[in-house]
Structures are given as C-alpha cells and as structure tokens.
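Notes for the one structure printed next.
The values are calculated or read from the model by the stated rules, or taken from the named source; none is laboratory data. Remember, it's a predicted structure, so these values are computed and weren't measured experimentally. Here Cβ is always computed from backbone atoms with ideal geometry, including for glycine, and neighbour counts include all displayed protein chains. To get the accessible areas, we keep the full protein, side chains included, count just its heavy atoms, and leave off ligands, DNA and RNA. Shrake-Rupley method; radii C 1.70, N 1.55, O 1.52, S 1.80 Å.
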Amino acid sequence: MAENSTPSASGFILKEPRLSPDFPYRVCRDFWFSDGNVTLCAGNFAFKVHRGQLERHADIFQTMLSIPQPDDTGCIIRLCDSPTDVYHLLRALYDGLYFRRPFVQDFPFLASVLRMSCKYFICIPRKQCLERLQSYFPITLSEWDRRERMSLSPNGHYDPRHEIPSPIHVINLARELNVGSVLPAAFYDLARYGTSKTASGTEPLAHLILEASSENSPTSPSPSPSPSSPPSPSSSPQTADGDSTPVMLSHGDLVVTFRGREALQRSVATFLDAQVKNRSTAEGCAGGQACRDAFYFITLNTLRSVGGIAAGRDGDPLFTLGQMIDIKCREEFIPAVHAGRQAIWDQIPEWFGLEPYDTLRARDEELNERDNTYP
C-alpha cells in the first residue's frame, strides 16, 4: 500500500492511504505501522496497529476482532471514544506508563488511560493509573501528610496546584469511572478552599490537539514545522484555542463539598472546646504566660481557618492542628493533637457522604480482580 505523508500542525502526520480515494480519516504517524493488521477509528482519526498487541492486554479486543468483516474493508474497529483517549492508551500499551513530577502535567495522560482501561477491562494500566492517583489522594493520614510535604518547594512555599491537579478534575474523573477510593481526600482537599473559589470551578485540563485546521483533508495534508516532534504524554500539550470555560463540579457534589466543610468546622470546634479552650499549662511548665498565650492563639487561628476567614492551607484543619505541637507544654499536648487529627481523618468519608475507606478501597481492588477474569 503506497502512502503519502506530510506533518500536520497538531504533531500528527496526515497520510493519504491509497486503499481508497475517499478515505475518511486522518492518520496518526505515531500509530500507523506498515505491518499493522488492525485499524482503530475514533472521531476523524485512524490508528493502524497490531492485533496481537491489543489482544495481549485486553481480551475484549479479541472478541471485537473475532467478528467477521467484509474482505474489502480490512480489519477495522470503530470506537466511540475520543481520539485523544485512544492515542494516550496506545502510548501506554506500546511504550509503557511513565509518570513524572510535577504530576499535574501528566494528569491528562493518566485520565485518558484510566478511562480507556476501565472501559476495555485492561488491568495493568488501570492498576498503575489508580495507584498513581491514590498516591496523591490517599486513604491514610500518614500518606496524606507525605503528600503535603511533597507539595512544599525547597524554600518551604506550599504550592499544591503546581504538583497536584485540581481536586475538581479528580472528583469528576472518579465519579465518571466509579473510582471511589480517591474521593475522600479529593473532597477534603477541595473543602479547604473558599466557597466562591470552589463554586467558580477550575481551569480546563491541557490536552493534545488532534484535529488539523479546516482546510486540511485526508487528500490534502498541510505542513508542520516539526515532523520530528510528535506529541507525547511527557511533552507539554497544547490547549484548544478558546477553550477557557471553567470545569465545574456537579450541583450535587458542590453541595456535598459545602456540607463536608461544615462538618469539618463543627469537628474542630468540638476539639477546641475539649482540648484547648480552657487548657492549663503542664505541671512544671517554665513557659508560664507564653504557653497560655500559645493556647489562646491556637484557638483563635484555628477558628479563623475553619470559619472561612482563611483558605488554602490556612483553612486546613489537619494542617492547623498539626502546628499545635510546636508550643510549650507540647509533650503533654502532642497525644491529644495526634488523636484529634486521626479522628478528623477517619470521619472524612462520612462527612462527604461516602462509604468507609476500607469499603471504597475494597471495591476498587475488586474491579482490578474482575479485569483479570474478563469475560
């Protein structure tokens, strides 16, 4: 089969397959193999890949490919998926999954692979994506504390959005794919921020532009300045022009976030009343008034953080309680602080209308086991 090819502005090569003069698809250079024996079509793009590679990772493709097709059409599978998702899945299957820091740059890649691996029962990529996502939105307090330390720059500046994607994106993805184990941490992360910022949504994800300009066609490809640099999950993707509409939570999840925030506020107020408000200094304390002042400011700053006056990390009850251990009388106070933080963490799923951590984790693990036994 003879083919003409020129690079496209999106990093894809538009080829002119000679199989049919009216070939209706644009062809991806990265995944149009001369020895390929199956064509995947998604949107207006085509990918010529290897049947064995698909069947090796997902039995469901074996079922698809067993359906007889007319001799003159070749082996074609038409997918109801976004071309970008198909592209990212093929990158994962052929090149492996490699994530870098900052993770926020690779989140669009992960989202595509997780979406496709859930849909087509592809166990290993799904497990790898889920483990990566869980490392930033964990189910244990110790892992959460590790994630928070990782979000600090060398000079101590806290900037989680440089390293970690917006929890709005994570919540929407988890709801779409029924991945419940990341939801408690994602909702808690979001509840730390002001109500107006939460309700206003977040910026759309950067994504690869797969479609060429309108004047391009399969029989009239257009040039690109860099045919040697196809897009990849490890490169900085381009965003679609004019795509600046904020990504929002559903109304139901927005209500869940605000209700969870209220529950967090009540829990911290209860802790303050029980452990801080009227706390006296420890026996033998040499700090005297300095320690009494410290307890006062602990109460004041914590109420500011959970009452909406402060936001971000200053509005984070777990962080605020954690700072209480750096005061006079800390040896006596540390156990109460640790117990208070753990109590807050343990109640997060309930406050956000979710099942317990163990149930959420078991369900995600069960899906991985089910993938191993398809069909």
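So the values come out like this:
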read-out	value
Condition met for Arg29 (outside any loop (DSSP other than H, G, I, E, B) and modelled with pLDDT under 85)	yes
Filter pass, Asp371 being modelled with pLDDT of 90 or more, part of a helix (DSSP H, G or I) and either open to solvent by less than 90 Å² (accessible area, probe 1.4 Å) or under 20 Å from Ala185 (Cα atoms) (or both)	no
Residues satisfying the stated conditions in the range 247-261, i.e. surrounded by 14 or more Cβ atoms within 10 Å (Cβ to Cβ) and either part of a loop (DSSP other than H, G, I, E, B) or touching a strand residue (DSSP E or B) at 6+ places or on another chain (Cβ under 9 Å) (or both)	Met248, Leu249
Residue under evaluation Thr359, criteria (1) open to solvent by less than 60 Å² (accessible area, probe 1.4 Å); (2) at pLDDT below 85; (3) polar (S, T, N, Q), criterion not met	(2)
Flag if Pro83 is more than 19 Å from Tyr25 (Cβ to Cβ) and at pLDDT 90 or above	no
Flag for Val104 being within 18 Å of the chain's Cα centre (by Cα) and surrounded by fewer than 19 Cβ atoms within 10 Å (Cβ to Cβ)	yes
Criterion violated by Met64 - all others in (1) modelled with pLDDT of 85 or more; (2) among the aliphatic types (A, V, I, L, M); (3) open to solvent by 40 Å² or more (accessible area, probe 1.4 Å) satisfied	(1)
The range 32-66 - residue that is assigned to a helix (DSSP H, G or I) and either farther than 23 Å from Phe121 by Cβ or among the charged types (D, E, K, R) (or both) and, of those, farthest from the chain's Cα centre (by Cα)	Arg51
Residue selected from the range 80-101 under the condition open to solvent by 20 Å² or more (accessible area, probe 1.4 Å) and among the aromatic types (Phe, Trp, Tyr), by the criterion nearest to His162 (Cα to Cα)	Phe99
Number of the exception - Arg115 against (1) within 15 Å of the chain's Cα centre (by Cα); (2) closer than 23 Å to Thr63 by Cβ; (3) surrounded by 23 or more Cβ atoms within 10 Å (Cβ to Cβ)	(3)
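Rundown of residues vs (1) at pLDDT 75 or above; (2) under 37 Å from the mean Cα position of the chain (by Cα), yes/no style:
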| position | (1), (2) |
| --- | --- |
| Val255 | yes, yes |
| Ala294 | no, no |
| Gly312 | no, yes |
| Gly315 | no, yes |
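Table: residues versus (1) under 17 Å from the mean Cα position of the chain (by Cα); (2) assigned to a helix (DSSP H, G or I); (3) at pLDDT below 95.
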position	(1), (2), (3)
Arg126	yes, yes, yes
Arg132	yes, yes, yes
Ile139	yes, no, no
Arg147	yes, yes, yes
Asn155	no, no, yes
Leu173	yes, yes, no
Pro204	yes, no, yes
His207	yes, no, yes
